[in-house]
Amino acid sequence: MKSIVLIKQIPDTGEMSMDPQSKWLVREDVNKIINPFDTYALEEGIRLKEQHGGEVVALSMGPEHSKEALKEAIAMGVDASILISGDVFRGADAQATAYVLAKGIAKISEYDLIIGGIYTSDGATGQVGPAVAEHLGIPHITGVRKIREISETRIEVERLTDGGVEVVEAELPALITVVKEINEPRLTSLKGIMKAKKAEIPIWGMDDIEATEGRVGETGSKAKVIDTWIPQRSKDVEMLEGSAQEIGKAIVDKLKTAKII
Amino acid sequence: MNFELTEEQRMIQKTVREFAQEVIAPGAERRDETTEFPEDIVKDLGEMGILGLPFPEEYGGVGADTVSFALAVEEIAKVDASLALTVSAHISLGCAPLYYLGSEEQKKRYLTPALQGEYLAAFGLTEPNAGSDAGGTETTAILEGDHWRLNGTKMFITNPTYAGYVVATARTAKEGISSFIVPKDTPGYSIGQKYEKLGMRSSDTRELIFSDARIPKENLLGTEGEGFKGFLKVLDGGRIGIAALSLGLAEASLEAALKYAKQRVQFGQPISKFQAIQFKLADLATQIEMARMGLYRAAWLKDNHQKYTKEAAMAKLFASELAVRAANEAIQIHGGYGYMKEYHVERFLRDAKLLEIGEGTSEVQRIVIARSIGC
Ligand SMILES: Cc1cc2nc3c(=O)[nH]c(=O)nc-3n(C[C@H](O)[C@H](O)[C@H](O)COP(=O)(O)OP(=O)(O)OC[C@H]3O[C@@H](n4cnc5c(N)ncnc54)[C@H](O)[C@@H]3O)c2cc1C
């Protein structure tokens, strides 16, 4: 069983801010983490390897400092990590990102399963996983909360939907994206960190993945971000005191005065 | 000169920080109240490798450096000084003597399980009549055939309940002091009641009693009569641990004080706008930065196999006195609220006081420093 886990390094969810000019997220000088959903993907990939043998590889597209996230993946237990990086890839939308990742996967060539998080906490499109699968011409299942069975040729999973749970099967190779219910990511072991220190992480560019110019980065992106902003949070807070009944009544009075009810 | 942490130092710092914030912090206040020892968390620390952090992989350690050890202790101390003391004492008092002085056989048998987190390790030096004056050790060890027979009492020892062995100092027929590995299940070795303490309340501090305790002959650690030299070396490393603990605690005090000062409004403005409060905070921030430099440098000297006795004593002295000052000022900035348990800073002060006493009092640090500058 060989799995490829797609991961992305993002600014710490608690510390996000936006460059007012470019409308891009500020990615420098902030604490960076592995996209939380991707840690579940990593854990699942590592568990598959532990249970079925084989190999698990982490793949990311991003600026050079994404190497840190890829080293963390090695510290968690993946066998190897690969980074696709370079200025041309900057500013990619979900489609351009998926194209590049699919090219990277094609270069790795042998795999049974690709695992990603259901979405990233910074972009939140949820499109990259499925689009990668489309590029590769393989089936995909999103929102997986449990792998029920997996063999050389087939996977059966439980998929979390708005209404409940679906049981879905697919032929391998396939791509799945996972939700938090799937597992409990392990503690990073410090031994793993020392192992990661020694690991070489190859950086692939346009030529390595044989990508077509014009299909990557900002130029390859059909979606243009027109405007983004962080909603203003009002700091006007009024604390009500008294018994539950008194507070309840006071709230109703206030809502009435404000003509909300 | 390079003031930047290496990539793996940063990763270790981040991993321990996340674990400390998410897993250790939530119960710290409760444990201070109940004095309950967090066995589960210590088990997790073992799994992560923290209990074997600065020792080579061949003995079951992680193979990280002293700087990483300091970073880890600092992060734990920010949220729970008692647990940081448990870890620091385990590594630099319990494990270090085995690593420095132990034979291959002793390392494999006793050190490896300790580094892998199977059990903790402890160091028994202090006695009723031998504190700062550790040379005044009265515990005796008499060689009888293939056994040593130990008699005596050790005071204020950290970790013994959970320790697979304790390294104990004693006098033998030969002049000087010797060290011995005393396994937990040794007949004649017993562990006393938990002390009621001012601070560091969920760390395990007890009296050890050796009453005709019999240990195998091969449990002598290092050379007979040369234990004094050995534990001076151990204490040098221990001071880096206590300095890191102090730094973490001081940072926690500053963080709490700063946050509170920005929220608390008196006379129509946050108290952080009053210069009297600002100066306190500015002083603490400055001293914390200086303590950090001193500590990391001492750790760096150790990692680079240079002399660091003086620097470790200075780092411990400065940081521990800062930890007390910082906690004290944090309470002052909190006013009456700071005196209440709910705001944590009173715990910081109680915990901090130990740091001026353990592993050599502030007076002893000054003696060490004075000696090393030629007095
Ligand atoms: C919570 C806790 C945990 C501990 N853990 C351990 C442990 O794991 N292992 C262990 O072996 N010990 C441990 N100790 C003991 C600790 O190291 C000693 O308490 C410390 O070394 C001081 O010894 P003492 O208490 O006998 O004080 P004393 O040595 O009696 O000192 C009393 C006072 O006299 C001062 N003084 C002494 N000599 C001089 C001098 N020459 N010049 C000037 N002033 C002097 C001291 O600085 C101090 O202010 C622990 C203590 C505590 C409180």
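Go through the stretch A:156-188 and report how many residues are away from chain B (no Cβ under 14 Å), in contact (Cβ under 8 Å) with a residue 60 or more places away in the chain, out of contact with any Lys or Arg (no Cβ under 8 Å at 6 or more places or on another chain) and not in a helix (DSSP H, G or I). Write out each step before concluding.
Step one: of the stretch A:156-188, the residues away from chain B (no Cβ under 14 Å) are A:156-183.
With the extra rule that they be in contact (Cβ under 8 Å) with a residue 60 or more places away in the chain, the set shrinks to A:172-180, A:182-183.
Remaining after also requiring out of contact with any Lys or Arg (no Cβ under 8 Å at 6 or more places or on another chain): A:173-177, A:180.
Filter once more, so that each one left must be not in a helix (DSSP H, G or I): A:173-177.
Count: 5.
Can you confirm whether B:A326 is crowded, with 22+ Cβ neighbours inside 10 Å and touching a His at 6+ places or on another chain (Cβ under 9 Å)?
Answer is no for this residue.
With A:A98, A:A58 as the choices, which residue is without any contact (Cβ under 8 Å) to a residue 60 or more places away in the chain, touching a helix residue (DSSP H, G or I) at 6+ places or on another chain (Cβ under 6 Å) and more than 22 Å from A:T188 (Cα to Cα)?
Exactly one of A:A98, A:A58 is without any contact (Cβ under 8 Å) to a residue 60 or more places away in the chain, touching a helix residue (DSSP H, G or I) at 6+ places or on another chain (Cβ under 6 Å) and more than 22 Å from A:T188 (Cα to Cα), namely A:A98.
Only residues that are closer than 22 Å to B:A299 by Cα and β-branched (V, I, T): list them for the stretch B:32-54, please.
Across the stretch B:32-54, the qualifying residue is only B:I50.
Give all pairs with beta carbons closer than 7 Å in which a residue from the stretch B:130-145 that is under 14 Å from B:T361 (Cβ atoms) meets a residue that is of a type outside the set (G, A, S) and loosely packed, with under 15 Cβ neighbours inside 10 Å; count only pairs at least 6 apart in sequence or on separate chains.
Matching pairs, first to second residue: B:A130/B:E138.
Identify, from the list A:K191, A:K198, the residue that is surrounded by fewer than 11 Cβ atoms within 10 Å (Cβ to Cβ), within 14 Å of chain B (Cβ to nearest Cβ) and free of Cβ contacts under 8 Å to residues at least 12 places away in the same chain.
A:K198
Can you say whether B:F318 is aromatic (F, W, Y), under 24 Å from B:L235 (Cβ atoms) and within 16 Å of the chain's Cα centre (by Cα), as far as the supplied structure shows?
Yes: the conditions hold for B:F318.
Would you confirm, using the coordinates I've provided, whether A:E152 is within 14 Å of another protein chain (Cβ to nearest Cβ) and in a loop (DSSP other than H, G, I, E, B)?
Numbers: within 14 Å of another protein chain (Cβ to nearest Cβ): no; in a loop (DSSP other than H, G, I, E, B): yes.
Considered against the rule, which asks whether it is within 14 Å of another protein chain (Cβ to nearest Cβ) and in a loop (DSSP other than H, G, I, E, B), A:E152 comes out as no.
List the strands (runs of 3 or more DSSP E) inside the stretch B:109-206, counting only whole elements, that have at least 3 residues being more than 11 Å from the ligand (Cβ to nearest atom).
On the way: elements: B:120-124, B:140-144, B:147-158, B:163-171, B:177-183, B:189-194.
Here the list reads B:140-144, B:147-158, B:163-171, B:177-183, B:189-194.
If you go through the stretch B:190-197 one residue at a time, do you hit one that is within 25 Å of B:K108 (Cβ to Cβ) and surrounded by 15 or more Cβ atoms within 10 Å (Cβ to Cβ)?
Checked the stretch B:190-197: no residue is within 25 Å of B:K108 (Cβ to Cβ) and surrounded by 15 or more Cβ atoms within 10 Å (Cβ to Cβ).
So, of the residues in the stretch B:174-205 that are under 23 Å from B:G227 (Cβ atoms) and of a type in the set (F, W, Y), which turns out to be farthest from the chain's Cα centre (by Cα)?
So, considering only residues that are under 23 Å from B:G227 (Cβ atoms) and of a type in the set (F, W, Y), the one farthest from the chain's Cα centre (by Cα) is B:Y189.
Counting just the residues of the stretch B:226-254 that are more than 22 Å from B:K353 (Cβ to Cβ) and small (G, A, S), which one comes out farthest from the chain's Cα centre (by Cα)?
B:G227
Within the stretch B:93-116, can one find any residue that is within 11 Å of chain A (Cβ to nearest Cβ) and buried (at least 24 other Cβ atoms within 10 Å of the Cβ)? Explain how you work it out, then say what you get.
Initial filter on the stretch B:93-116 (within 11 Å of chain A (Cβ to nearest Cβ)): B:115-116.
Imposing the further condition that a residue be buried (at least 24 other Cβ atoms within 10 Å of the Cβ) reduces the set to B:115.
Yes; the residues of the stretch B:93-116 include at least one that is within 11 Å of chain A (Cβ to nearest Cβ) and buried (at least 24 other Cβ atoms within 10 Å of the Cβ).
Restricting to the stretch B:138-165, give me the number of residues that are among the β-branched types (V, I, T) and surrounded by fewer than 22 Cβ atoms within 10 Å (Cβ to Cβ).
Residues meeting the conditions: 4.
Can you work out which of the residues in the stretch B:341-375 that are within 15 Å of the ligand (Cβ to nearest atom) and assigned to a loop (DSSP other than H, G, I, E, B) is farthest from the other protein chains (Cβ to nearest Cβ)?
B:C375
Before we move on, is B:A77 more than 13 Å from chain A (Cβ to nearest Cβ) and in a helix (DSSP H, G or I)? Walk me through it before giving the result.
Numbers: more than 13 Å from chain A (Cβ to nearest Cβ): yes; in a helix (DSSP H, G or I): yes.
The answer is yes for B:A77.
Within the stretch B:63-82, identify whether any single residue is within 12 Å of the ligand (Cβ to nearest atom), of a type in the set (G, A, S) and in contact with a Phe, Trp or Tyr (Cβ under 9 Å, 6 or more places away or on another chain), and answer yes or no.
yes
Has the stretch B:15-29 got any residue that is part of a helix (DSSP H, G or I) and closer than 30 Å to B:L232 by Cα?
yes
Can you name every one of the helices (runs of 4 or more DSSP H) wholly within the stretch A:54-143 that holds 2 or more residues which are charged (D, E, K, R), within 14 Å of chain B (Cβ to nearest Cβ) and more than 23 Å from A:P173 (Cα to Cα)?
A:66-76
Can you give me the number of residues within the stretch B:38-61 that are β-branched (V, I, T) and either at the interface with chain A (Cβ under 10 Å from one of its Cβ atoms) or surrounded by 24 or more Cβ atoms within 10 Å (Cβ to Cβ) (or both)?
So the count comes out to 1.
When only residues in the stretch B:22-37 that are under 23 Å from A:K191 (Cβ atoms) and at pLDDT 95 or above count, which is nearest to the other protein chains (Cβ to nearest Cβ)?
Among those that are under 23 Å from A:K191 (Cβ atoms) and at pLDDT 95 or above, it is B:V23.
Pairs needed: first member in the stretch B:286-313, within 15 Å of B:S68 (Cβ to Cβ); second member anywhere, outside any helix (DSSP H, G or I) and among the acidic types (D, E); C-beta distance under 6 Å; at least 6 residues apart or different chains.
Short answer, once both residue conditions are applied: B:D303/B:D65.
Given the structure, is B:F123 buried (at least 24 other Cβ atoms within 10 Å of the Cβ) and either in contact (Cβ under 8 Å) with a residue 24 or more places away in the chain or farther than 19 Å from B:T86 by Cβ (or both)?
yes
With the requirement that a residue be in a helix (DSSP H, G or I), touching a helix residue (DSSP H, G or I) at 6+ places or on another chain (Cβ under 6 Å) and either under 25 Å from B:A244 (Cα atoms) or free of Cβ contacts under 8 Å to residues at least 12 places away in the same chain (or both), what does the stretch B:262-280 give you?
B:K262, B:K280, listed by residue number.
The values are calculated or read from the model by the stated rules, or taken from the named source; none is laboratory data. What you are looking at is a predicted structure, and each value in this text was computed from that prediction instead of being measured. Heads up, the Cβs are rebuilt from the backbone with ideal geometry, glycines too, and the neighbour counts pull from every protein chain shown.
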